[in-house]
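Read the structure below first, then the notes.
The values are calculated or read from the model by the stated rules, or taken from the named source; none is laboratory data. Since this is a predicted model, take the numbers as computed values, not measurements. FYI the Cβ positions are ideal-geometry reconstructions off the backbone, even for glycines, and counts take in every protein chain you see.
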Amino acid sequence: MDPDTTLLGPLSLADLAALGWLFLAWFSIGWATEHPPRDHPSVTVLMKAHRREWMRQFITRNPRIFDSAILTTLREGTAFFASACLIAIGGGLALIGNTDQLAGVARQFDLGHIPALKWEIKIVVALFFVANALLRFIWSHRLFGYCAIIMASVPNEPEDPRALPLAMQAADINITAAKSFNSGLRCVYFSLAALGWLAGPLGLFLSTVYVLFISWRREFASRSRRAIMKHVPGETRLPPGEPKREDTGP
């Protein structure tokens with residue numbers, strides 16, 4: 001009997017190494033996205049400035065139907081992904097109860113005999129990411145609702161001293177909701193990477209590398225990031241709606 005099998009159950013050392021790489025990559029890209037280098041911010045960090053500028057412009061916009069439509073679209077996006085995660089969880093739980101189909105696929109690809117428990121562990125890991133994504137999407141949806149309520153409390157008169165503080169409060173809630181939404185998307189990405197484990201530890205390693213590269217590129221080296229970088233609103237202290245004056249020199 002293989003001593004590694006006795007100590008580790010159905011998982012081999014290669015399986016554990018690939019699984020550790022999956023969670024390390026997931027944690028690392030999340031940390032790098034939220035805490036990027038100061039001289040090379042991520043798309044997530046750049047969009048925080050745009051969200052605050054949105055709320056500054058919101059104060060003077062009349063009517064505010066445009067802002068309401070944007071917020072509704074954001075909430076619909078979180079609701080869609082939450083519904084998709086619920087469906088995926090249901091499908092994964094159903095698959096755990098019937099792993100014979102996966103065993104048949106493994107035989108066709110000459111992957112050898114794999115214990116049913118090992119199949120179940122692989123599915124549970126993918127479901128872990130999907131369930132985590134579901135919780136984050138639900139929380140994001142709720143936070144966008146809070147943001148809508150705070151936006152509704154902003155006075156219609158831009159000169160009202162309560163207008164800017166309330167708008168910035170709504171911006172902070174909006175940023176937190178977006179953070180949860182982006183975290184949920186990363187969980188969805190890495191749940192797809194976890195499915196690579198069905199092809200063995202090498203499949204998990206390669207799928208994790210691919211998802212990690214895609215996640216990094218979209219945050220730090222994408223064409224959309226270059227477009228966002230063309231003009232990033234500054235944290236100005238100008239009155240709401242007043243454009244920033246450029247210094248043209250003497």
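Scanning the stretch 183-228 for residues that are over 24 Å from Leu134 (Cα atoms), touching a helix residue (DSSP H, G or I) at 6+ places or on another chain (Cβ under 7 Å) and of a type in the set (A, V, I, L, M) gives Leu206, Ile228. I'm checking my understanding of the structure. Among residues of the stretch 195-250 that are closer than 30 Å to Val154 by Cα and in contact with a Ser or Thr (Cβ under 8 Å, 6 or more places away or on another chain), which one is modelled with the highest pLDDT? For the stretch 195-250, the residue satisfying everything is Lys244.
Restricting Arg218, Arg186 to residues that are among the basic types (Lys, Arg), in contact (Cβ under 8 Å) with a residue 40 or more places away in the chain and either closer than 15 Å to Phe23 by Cα or surrounded by 20 or more Cβ atoms within 10 Å (Cβ to Cβ) (or both) narrows the list to Arg186. Can you pull out every residue in the stretch 20-36 that is hydroxyl-bearing (Ser, Thr, Tyr) and in contact with a Lys or Arg (Cβ under 8 Å, 6 or more places away or on another chain)? Answer for the stretch 20-36, where residues must be hydroxyl-bearing (Ser, Thr, Tyr) and in contact with a Lys or Arg (Cβ under 8 Å, 6 or more places away or on another chain): just Thr33. Could you check, for the stretch 126-142, whether at least one of its residues is at negative phi, surrounded by fewer than 17 Cβ atoms within 10 Å (Cβ to Cβ), modelled with pLDDT under 95 and more than 15 Å from the chain's Cα centre (by Cα)? No, there is no match, as no residue in the stretch 126-142 is at negative phi, surrounded by fewer than 17 Cβ atoms within 10 Å (Cβ to Cβ), modelled with pLDDT under 95 and more than 15 Å from the chain's Cα centre (by Cα). For residues that are under 19 Å from the mean Cα position of the chain (by Cα) and crowded, with 20+ Cβ neighbours inside 10 Å, scanning just the stretch 190-208, find the one that is nearest to Thr44 (Cα to Cα). Among them, the one singled out is Phe190.
Here is a yes/no grid of residues against (1) at pLDDT 90 or above; (2) of a type in the set (Phe, Trp, Tyr); (3) over 22 Å from Leu164 (Cα atoms):
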residue	(1), (2), (3)
Leu16	yes, no, yes
Phe23	yes, yes, yes
Thr33	yes, no, yes
Arg51	yes, no, no
Phe58	yes, yes, no
Asn62	no, no, no
Ala82	yes, no, yes
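Check the stretch 48-68 and report whether any residue there is touching a Lys or Arg at 6+ places or on another chain (Cβ under 6 Å) and in contact (Cβ under 8 Å) with a residue 12 or more places away in the chain. Scanning the stretch 48-68, I find no residue that is touching a Lys or Arg at 6+ places or on another chain (Cβ under 6 Å) and in contact (Cβ under 8 Å) with a residue 12 or more places away in the chain, so the answer is no.
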